[in-house]
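Single-structure report; data block below.
What follows is calculated from the coordinates using simple rules that are stated; it is not laboratory data. As the structure is a computational prediction, the values presented were derived from the model and not from experiment. So basically every Cβ, Gly included, is an ideal-geometry build from the backbone, and we count neighbours across all protein chains shown.
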Amino acid sequence: MNAWGIIKTIIIGGSTLVFFFLLWFYNPFKHVEHYEVDEEVKQIIANPWKKTESGKTIAEEGRELFINFCSSCHSLRYDGIYLMSIQTNPKWKKIEKSAGRPVYRHGILYKDRFFVPKDVYEAFAHDELQQLKASLGQVPPDVSTLYLARGEGYLYQFILYPGKVLPGTSMPPMFNPQADPQAKEKVAKIVAYMKSVNTPPPKEQMKRNIMGILIIVYFIVAGLLLWKYRENLLKRLGYH
């Protein structure tokens with residue numbers, strides 16, 4: 001490989017490494033909206049796997065709150081949560097076991113939670129979804145990936161003050177900080193739960209980051225070896 005070939009390889013390999021590094025750790029293409037969140041709330045959302053005085057994790061308490069306050073309109077299929085009216089239907093248990101698969105997350109298999117394909121769920125829940133559409137103007141979305149799409153600040157403010165964040169929304173305010181001193185804490189736990197569904201615990205995230213870096217390094221090394229093999233092949237064919 002001549003000097004120019006080495007320079008090109010370094011430029012291409014370096015550019016690839018920088019591109020994937022930025023995409024992995026900081027996505028410049030992601031639309032980010034900033035919403036104010038209290039420091040106490042940030043601490044709750046940042047530690048969904050932390051144990052509380054009840055012995056449950058923040059995420060587990062958030063899941064219970066989500067079911068009680070949000071599942072009358074929203075599903076979260078990634079964690080086996082569907083409309084409350086559907087989950088109380090005795091026939092739904094058979095659908096979960098026949099068409100769904102148990103939720104597996106962070107090394108834990110939840111045998112009481114089932115991920116059911118969207119088309120199967122929507123077909124079974126057609127009447128309930130249409131009733132929601134008639135009363136709200138549209139079918140409330142599944143929120144499985146909403147944390148990744150919107151971020152903690154937006155979710156926290158939207159759940160707490162839906163009309164303020166999105167004027168004209170059909171979502172009613174479910175929590176009143178003036179009447180309930182724990183309203184902000186409850187909303188923070190719901191957001192922490194939604195984060196736990198979308199993001200892994202810190203140790204697992206570190207493993208994924210290391211794996212991502214190793215994959216990038218592998219492709220760079222493989223590219224260099226292929227380039228070298230190409231040079232040797234061209235020489236044997238008499239092109240150098």
Query raised in the report: According to a simple spin-label model (label point 7 Å from Cα along Cα-to-Cβ), what is the distance in nm between Glu39 and Gln87?
Result: 3.6
**Report entry** Among Glu128, Glu61, Glu152: highest mean-square fluctuation, GNM of the chain, C-alpha pairs under 10 Å
**Finding:** Glu128
Requested in this report: Apply the Karplus parameterisation 6.51 cos²θ - 1.76 cosθ + 1.60, with θ equal to phi minus 60°, to every residue of region 114-119 and state each ³J(HN,Hα) to the nearest whole Hz, in sequence, with x for glycine and proline.
Outcome: 10, 8, 9, x, 4, 5
Requested in this report: Kyte-Doolittle cut-off -1.0, length cut-off 20 Å along the helix's own axis using Cα: show which whole DSSP H helices in the chain pass.
Outcome: 3-25, 183-198, 202-236
Query raised in the report: ³J(HN,Hα) across region 70-87 via Karplus (A = 6.51, B = -1.76, C = 1.60, θ = phi - 60°), whole Hz, x for Gly/Pro?
Result: 10, 6, 5, 10, 10, 9, 9, 4, 4, 10, x, 10, 10, 3, 4, 5, 7, 5
Requested in this report: State the Cα centre-to-centre distance between region 209-240 and region 91-143 in whole Å.
Outcome: 47
Query - Extended-chain gain in nm, criterion 0.36 nm per residue less alpha-carbon gap, Ile7 and Ile67 - result: 15.8 nm
Query raised in the report: Between Leu129, Tyr110, Ala46, whose Cα lies farthest towards the positive end of the dipole of region 33-199 when Lys and Arg beta carbons carry +1 and Asp and Glu beta carbons carry -1, centred on the Cα centre?
Result: Tyr110
**Report entry** Residues of region 64-106 with amide N under 20 Å of the 7 Å Cα→Cβ point at Glu122
**Finding:** 71-87, 92, 95-96, 99-101
Query raised in the report: How large is log10 I(q)/I(0) at q = 0.10, 0.17, 0.18 Å⁻¹ when the Debye formula is applied to the Cα atoms of region 33-199, each weighted equally and without solvent?
Result: -0.38, -1.10, -1.22
Requested in this report: Pop a pseudo-label 7 angstrom from the Cα along the beta-carbon direction at both Gln178 and Val221 and give the gap in nm to one decimal.
Outcome: 6.4
